[in-house]
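J.: Pasting a structure below so you can have a look.
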Amino acid sequence: MDPAEAAALLAEPYRLGPVTLRSRIVKAPTSTGAADAGGYAQPWHRDHYARVGRGSALTIVEFTAIDDGAGLGFPGHLSIASDDHAAALAPVAERIWADGRIAGLQIAHAGRQRTLPGEALAASAVPWPAIERRLGLRPRAITVDEIAAVVDGFGRAAGRAAQAGFQVVEIQAANGYLLAGFLSPHTNRRDDDYGGDPARRRRVLLEVVARCRATLPADVALTVRLSDRDHEPGGQELAETTELVAALAATGQVDAVHVSSGDHATRIRQVPPAAVPPGAAWRSARTLRTAGLPTIACGGITEPAQAAGLLRDGTADLVALGRAFLADPDWADKALSGAAGRIRPCVRGNDGCHARAALISRPIACTVNPALSLPPATGSSGPVASAAGPDDPGRPDAPVLVAGAGPAGLEAAHRLAGHGHRVRLYTGGRPGGALRDAVDSGVHDSFAPYLRWLTDRLAASAVEVVDAPLHPADLGGEWAGLLVATGGVARSLPGAVPALDVLRGLMPLPADGPVLVIGAGRTGTSTAAALARRGADVTLLGDTPQVLDDEPPDDPPTWTDLLASVGVRTVLGHRARVTDDQEVQVDGTVLRAGLIVAAVGREPHHDLYEAAVEVAAGRPVLRCGDALRPGRLHDAVHAGARAARTLHEALAFRQVTR
């Protein structure tokens, strides 16, 4: 679908119950973890929602607790438990209206997925296994009297949302939270009026809907977010969810269902990472639409053509994007103007937006958009002035050098140019660096749109590009400052071939004998999967109990399933040793191999940085990304942004103090 056709489909107005939307684009609720300890919205929320989702028709503010007790789920969780909480949210709604959007608020109760100290309530005492292991938390089955209080709490929260200026209220009954826990037979083991057959398990949600609708003014729309299925053993299935949508439609009180998937224990279905193709929940949205209510599709939508296709084929009436708006807050404006190629792509890495926010309690961030979480600059944002003489090697018209054009170097060069500096970027002959290696080798081809966007941005910028490395011998000329972002080098393992050499085809795959990949971290797992897709017989060896053991908790199960799906065998929990006979010993067992591949991490390369410090003569020299500390894509991009700011401020200070 061409961008103009996609734009036309997305731009069609839509009537959501009593509310008219100017287009079909919805900013999905995405928790930010930025409320204060009392659950109150901050000025940051006002500014965040002013820019994230602008241009959309409806912006739904994140998961907001109906009370300040068991309903609160995690640090930084918003609440609407009181009129004071609603007053703190009112400026957020006002900022959303300011550019013509409709403001929505999702209201919820955390249920068993509460990670804060204190008691968690659930339909039954069935824990979320990860939380029980990590925090020792096990929920208590909610009583009938407490259910009545929760129903009343939802009604009060809906009324407060309307008073705060929200024109759409969404009930969170998906993704494993309290109401979803009642819907699933996996988490609802009750034998009273709220458990057992599907009609009794959905009773509490119908009561919540009725109470909210009775509380809301007639001009406020009411939607319900549902999981198509929870992907738990013996859990909620699509057929039962279809019956539930029909029951909601029969009430005449719900204006649309927002279709998600999974719960936190099966989170890769809820927030599909790059390794999991999106689309399962979209197909379910089409099925649920036949049950009598309009549907909002979500879950991994990143491209305008994708979104428009769901509208054209009748899958959904509206399309909701969460992570894509974090990557590019102007997604809607670019999509509606036919400028899809200018959208900064979401890579679905789930790192800043999910792993570092929801799972380790940091405020939300985005791998490819450091500006989402970067604090305001403290130094000048314009060109640096100086009274330096013509012989000063750091005079203001001297270039700022950036060595290395991986994600860190590209981000830094762009930001330094934006600060008004004359930037000279040394690419080493390979713009994209390790990111290009990952894409070209097929290890992470899902990152290809982001790599293309980075190189297009570079081509359109004022950055001077030198398609060669920066050598220490080149540092004798004039330059104002230097940022070393030359990446790292693979750690060697005697007797083994570096993973990148194999992936690039510099070492052919054996015609006979298995490929043994040593190292079960990010490089090893992705290398093993890529080689298996090329037809190799692959075994992955690691000394950790699971693959990606030090990575975000969603990654090990995701990659365990992916490796199994492409036929990779794993031998984990034992240290591997390469012998002089080109064999590998693992816990006393000898494994013969056609090829042994080393994927045991990277380490910084210091030569250029150390040489630059020697000749700097007071000029600032910094390093970032893998050249300082190897990490993931998120680490590199954000390190480049921070280093650019630090270098800019150092240059400004140096000129002012002369």
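The values are calculated or read from the model by the stated rules, or taken from the named source; none is laboratory data. This one's a predicted model, so the numbers in the text were calculated from it and none came from an experiment. Ideal geometry is used to build each Cβ from the backbone, glycine not excepted, and the neighbour counts take in all protein chains shown. For the accessible areas, the whole protein counts, side chains as well, though only heavy atoms, and no ligand, DNA or RNA atoms are used. Shrake-Rupley method; radii C 1.70, N 1.55, O 1.52, S 1.80 Å.
J.: Once the dipole of the chain is set up with Lys and Arg at +1 and Asp and Glu at -1 on Cβ about the Cα centre, which of 154, 17, 70 lies farthest towards its positive end?
T.: 17
J.: For the chain, what is the charge dipole size about the Cα centre, in debye to the nearest 20, if Lys and Arg each add +1 at the Cβ and Asp and Glu each add -1 at the Cβ?
T.: 700 debye
J.: Let me ask something else. Quick check: pseudo-label points 7 Å beyond the Cα along Cα→Cβ at residue 452 and residue 214, how many nm apart are they?
T.: A separation of 5.4 nm, rounded to one decimal place.
J.: May I have the extent of the alpha carbons of the stretch 514-633 along their three principal axes, as whole Å values ordered from largest to smallest?
T.: Extents along the principal axes: 56, 37, 27 Å.
J.: With a ≥ b ≥ c taken as the square roots of the eigenvalues of the C-alpha gyration tensor of the stretch 173-291, please select rounded if a/c is under 1.5 and otherwise prolate if a/b is larger than b/c or oblate if it is not?
T.: Note, shape of the stretch 173-291 comes out oblate.
J.: Percent relative contact order of the chain, based on C-alpha pairs within less than 8 angstrom and at least six residues apart?
T.: Relative contact order, the chain: 11 percent.
J.: I'd like the orientation of helix 633-656 relative to the chain: the angle between its Cα long axis and the longest Cα principal axis, in ° from 0 to 90, rounded to 10.
T.: Compared with the principal axis, the helix lies near 60 degrees.
J.: In addition: Just report the Cα centroid separation between the stretch 555-628 and the stretch 11-26, whole Å.
T.: That distance is 50 Å.
J.: Quick one: accessible area per residue over the chain, 1.4 Å probe, rounded to a whole number of Å²?
T.: 39 Å²
J.: Report the local net charge at residue 514: Lys and Arg +1, Asp and Glu -1, summed over other residues whose C-beta lies under 15 Å from its C-beta.
T.: Local charge sum for residue 514: 0.
J.: Also, I was wondering about something else. Where Rh is the Kirkwood radius over the Cα pairs of the stretch 301-361, the temperature 25 °C and the viscosity 0.890 mPa s, what D in µm²/s does Stokes-Einstein return?
T.: 196 µm²/s
J.: Using only C-alpha atoms and all pairs of different ones, pull out the Kirkwood radius for the stretch 72-225 in Å with one decimal.
T.: Every distinct Cα pair counted, the radius reaches 16.1 Å.
J.: For residue 143, what accessible surface area do you get with a 1.4 Å probe? Give it in Å², rounded to 10.
T.: 60 Å²
J.: Among 110, 493, 462, whose Cα projects farthest towards the positive end of the dipole of the chain, with charges put on the beta-carbon of Lys, Arg (+1) and Asp, Glu (-1)?
T.: Farthest towards the positive end: 462.
J.: With all protein chains present, calculate the accessible area of residue 232 using a 1.4 Å probe and round the result to the nearest 10 Å².
T.: So the heavy atoms of residue 232 present about 30 Å² to solvent.
J.: Still on this model: Return one number: the angle in degrees, 0 to 90 and rounded to the nearest 10, between the long axis of the Cα atoms of helix 203-215 and the longest principal axis of the Cα atoms of the chain.
T.: 90 degrees
J.: I'd like the carbon and sulfur percentage of the solvent accessible area for the chain, probe radius 1.4 Å, heavy atoms only, ligands and nucleic acids excluded.
T.: So the carbon and sulfur contribution to the accessible surface is 51 percent.
J.: Using the Cα centre of the stretch 81-228 as the reference point, and only Cβ charges (+1 on K/R, -1 on D/E), how large is the resulting charge dipole? Debye, rounded to the nearest 20.
T.: 460 debye
J.: So what does residue 66 come to for accessible area, using a 1.4 Å probe and Å² rounded to 10?
T.: 10 Å²
J.: If you wrap the stretch 456-564's Cα atoms in a convex hull and average its projection over all directions, what's the area in nm²?
T.: That works out to 11.2 nm², a quarter of the Cα hull's surface.
J.: Further question: Rounded to the nearest 5, what is the percent of antiparallel bridges among the DSSP beta bridges in the chain?
T.: Just about 15 percent of them are antiparallel.
J.: For every other residue with a beta carbon closer than 14 angstrom to the beta carbon of residue 604, add +1 if it is Lys or Arg and -1 if Asp or Glu, then tell me the sum.
T.: -1
J.: Would the stretch 58-133 count as rounded, prolate or oblate if I go by the C-alpha gyration tensor, calling it rounded below 1.5 in a/c and otherwise prolate when a/b exceeds b/c, oblate otherwise?
T.: Taking the square roots of the gyration eigenvalues as a ≥ b ≥ c, the stretch 58-133 is prolate.
J.: Okay, moving on. Take every Cα pair under 8 Å in the stretch 523-614 that's 6+ residues apart, average their separations, divide by the length, and report that relative contact order as a whole percent.
T.: So the answer I get is 28 percent.
J.: May I pose another question? Helix 238-251 versus the longest principal axis of the chain: what angle, 0 to 90°, nearest 10, using Cα atoms?
T.: For helix 238-251, the angle is close to 50 degrees.
J.: Under the classification rounded if a/c is under 1.5, otherwise prolate if a/b is larger than b/c and oblate if not, where does the stretch 589-658 fall, given a ≥ b ≥ c as square roots of the Cα gyration tensor eigenvalues?
T.: Note, shape of the stretch 589-658 comes out oblate.
J.: Using the alpha carbons of the chain, what is the convex hull volume per residue in cubic angstrom, as a whole number?
T.: 165 Å³
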